[in-house]
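Since the structure comes first, as structure tokens, the remarks are kept for the end.
Read-outs: derived from the displayed coordinates by stated rules, not from any lab. It should be emphasised that the depicted structure is a prediction, and the values quoted were computed from it without experimental measurement. Cβ coordinates were reconstructed from backbone atoms using ideal geometry, including for glycine residues, and neighbour counts include every protein chain displayed.
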Amino acid sequence: MRPRVGQVIGLWMMGSLSTAQAAATSWDIVQGESRLSFIAIQEGDEFEGEFAMFDAEMRFSQDALDESHFDVTVDVTSIDAGNSQRNDALPDEEWFFFERFPEATYVTSTIREGGDTPFEAVGTLTLRGVAQEVILPFTWRIEGDRAVMQGSVTLDRTDFNIGQGEWAEDDTVGYPVQVVVDLTLERDT
């Protein structure tokens, strides 16, 4: 028995609704409640810093990871490394070289289920003109029309040519830098 036209249309609409519900949702960063920070070591002591200005195009749904992506732009010149001595040095050519490289980007190629954390973003971090693949493990928690994304990854600063000349060795400033992502997001309606 052949289905009637009305049944075919009804089945098509139900399939379309299921696909639409699984589509990745667009999210906006709540700037005043979000933080992009880092933890590094100078002369054996740990210190924290942060980037005050960053933005991202974010689409995410745990039911549509293949459609999810994050394209992040960071204003590197908004860095605060916790004290004036460090802040005065960071714009220089040996460190972030603001004049030539005022922005950093992180563009995902894949978002997938993770191992130790629920999710992993695989993407390219471009910092100081150097592009490297970086895997960011993260959690994602939805609370109504808001979400919280938290994750961290440890980078080697020398992979991005940060800390050159007298700073190239790790005797004063350590090589590892932990980048911490703590975002509050709102569903884009």
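Please say if region 24-187 is rounded, prolate or oblate, where rounded means a/c under 1.5 for a ≥ b ≥ c the square roots of the C-alpha gyration tensor eigenvalues, and otherwise the choice is prolate for a/b larger than b/c and oblate otherwise?
Prolate, since a/c reaches 1.5 and a/b exceeds b/c.
Given the peptides 112-121, 52-61, arrange them by the average over their residues of other C-beta atoms within 10 Å, most packed first.
Going from most to least packed, we get 52-61, 112-121.
Sort Trp167, Trp95 so that the residue with the fewest other Cβ atoms within 10 Å of its own Cβ comes first and the one with the most comes last.
Lowest to highest Cβ neighbour count: Trp167, Trp95.
Can you put Ile135, Ile111 in order of Cβ neighbours within 10 angstrom, beginning with the fewest?
So the residues, fewest neighbours to most, are Ile135, Ile111.
Can you show me the helix-derived [θ] at 222 nm for the chain, built from DSSP H runs with n ≥ 4 at -39,500 (n - 2.57) apiece and divided by the number of residues, rounded to the nearest 500.
Computed ellipticity for the chain at 222 nm equals -4000 deg cm²/dmol.
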